[in-house]
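Inspection log for the structure reproduced underneath, given as structure tokens.
The values are calculated or read from the model by the stated rules, or taken from the named source; none is laboratory data. Computed from a prediction, not measured in an experiment: that's the story for all the values here. With ideal geometry, Cβ positions are generated from the backbone for all residues, glycine too; neighbour counts draw on all protein chains shown. The protein model used for the area step is the full one, side chains on, heavy atoms only, and it has no ligands, DNA or RNA in it. Shrake-Rupley method; radii C 1.70, N 1.55, O 1.52, S 1.80 Å.
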Amino acid sequence: MFKKVSRKISALLLFSLFSLSALSGCVPHTELNEKAIILAIGVDYEDEKYKVMFQYYNPTGIGGRTLVDNSQPNVLTSKGEGDNVYAALEDATFRCGREMMLGVTQFIVIGKKAAENSVEKVMDFTKSFFQSHPDMLVTVAEEEAEKVLEVKFSEGIVSTQKLKFLLTNAEKSGIVALPNALELFTALQTVRQSSALPRLRLLDSGQSDASEDGKTLEISGGVLINEGKAVDDVDIEVMSGLQILCCKTETGTVTVDYRDEKISVGLVNIKTKIKPSFENDQLVLTVDLRSGGRFLSTPKGRYEDENDELEKLCGDAVIKRMESAVKQTVFKYGADPFLLEKTIRHYDYGLWKKVEENFGEYLKNAKFKFSSHIEIDKLILSE
């Protein structure tokens with residue numbers, strides 16, 4: 001009896017193993033070295049054609065006896081063109097002979113002409129590739145995006161790390177707003193289709209250790225997007241003001257003149273609230289800024305009894321940034337780069353329905369009321 005049961009079990013195991021081995025041959029799979037694991041994408045527009053260049057991992061440059069084989073380039077590039085970005089990416093993929101993988105893509109660089117033509121059309125490809133990474137950072141090049149991706153930084157495991165650190169550190173410092181692909185795509189679905197993207201400038205570094213080819217990049221300001229395309233360049237002050245209005249930063253720096261010395265204060269825990277209302281057929285937006293403050297260097301004098309005056313000076317300086325941002329974007333173009341539409345919808349949907357049809361004109365003629373309350377830490381107000 002025991003032998004019969006053993007034979008049945010053995011037969012069942014052999015049948016199961018045979019079935020599994022047969023099934024395994026039906027499961028499609030691709031080796032990683034057969035994929036183009038894309039790290040960055042550059043998009044240009046010329047002669048009514050989209051031209052793309054992407055950087056992707058070089059499998060021969062990693063995974064050796066050490067993490068990185070310095071004798072091999074750790075990224076390769078491929079180029080393609082087409083009537084749209086999707087077609088151009090497919091062309092570039094065909095040329096490099098590998099299946100495209102966008103799951104770890106770190107950023108997209110849009111060339112100046114492509115941005116002026118339509119940022120919305122550039123970003124449409126993210127809807128076609130379901131595996132597109134929603135956290136991809138999006139920037140605009142002062143000239144061609146291809147030239148930005150050609151810069152080979154020697155810092156980091158791959159060249160793209162340097163640029164990503166540059167962008168994220170600028171955002172953390174309150175210098176620029178830095179929307180990712182998902183945030184930009186969301187902004188492009190609003191009535192005014194507005195946003196503000198960091199602008200990258202190519203420079204001669206003069207330092208061989210900065211990059212392999214003596215080139216480097218800097219953030220030279222931003223690009224205002226309105227009605228789905230680039231309409232103007234803005235400076236760093238405007239970008240900083242927009243970031244505060246977007247409530248996307250908790251830190252920043254402000255420098256004020258006081259008693260014959262320049263005093264720099266680090267802003268911490270920045271909170272901005274915008275409340276909409278409607279008065280005399282005019283859209284009114286009340287902006288309240290609150291923040292803590294810390295001296296970045298010890299002042300020459302002792303100002304414990306004059307703390308209120310210093311706090312007001314710092315508040316006025318920040319308000320000036322926000323006013324500059326509003327003037328160059330909202331009043332000039334009727335743009336909505338800090339998503340006032342969302343704020344109005346949230347606070348008063350009835351008000352939104354009143355201004356929705358002519359929202360751009362209401363923005364151009366809106367009234368902003370700014371107030372600030374900055375509380376500087378008194379513990380370091382001494383010599």
- When residues of the range 358-383 are limited to those that are modelled with pLDDT under 95 and of a type in the set (D, E, K, R), the one farthest from the chain's Cα centre (by Cα): 383
- Which pairs do you get when a residue that is within 20 Å of residue 355 (Cα to Cα), found in the range 179-198, comes within reach of a residue that is of a type in the set (S, T, N, Q), reach meaning Cβ atoms under 6 angstrom, with the pair 6+ apart or on two chains? 187/195; 194/226
- Task: Return yes or no: is residue 355 touching a residue at least 60 places away in the same chain (Cβ under 8 Å), hydrophobic (A, V, I, L, M, F, W, C) and more than 30 Å from residue 256 (Cα to Cα)?
- Result: yes
- Item | the range 69-102, residues that are touching a residue at least 40 places away in the same chain (Cβ under 8 Å), open to solvent by less than 60 Å² (accessible area, probe 1.4 Å), not β-branched (Val, Ile, Thr) and not in a strand (DSSP E or B) | 74, 88, 89, 92, 96, 98, 102
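With under 29 Å from the mean Cα position of the chain (by Cα) and closer than 22 Å to residue 354 by Cβ as the only criterion, which of 273, 248 stands out?
Only one candidate qualifies: 273.
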- Subset of the range 119-157 that is closer than 22 Å to residue 190 by Cβ and open to solvent by less than 10 Å² (accessible area, probe 1.4 Å) - its residue that is modelled with the lowest pLDDT: 125
- Message: Take the residues in the range 193-231 that are on the phi > 0 side of the Ramachandran plot and either modelled with pLDDT of 95 or more or in contact with a helix residue (DSSP H, G or I) (Cβ under 7 Å, 6 or more places away or on another chain) (or both); name whichever of them is most open to solvent (accessible area, probe 1.4 Å).
- Response: 227
- Considering the range 286-306, residues that are under 17 Å from residue 255 (Cβ atoms) and of a type in the set (S, T, N, Q), and then whichever is modelled with the highest pLDDT, we arrive at 291
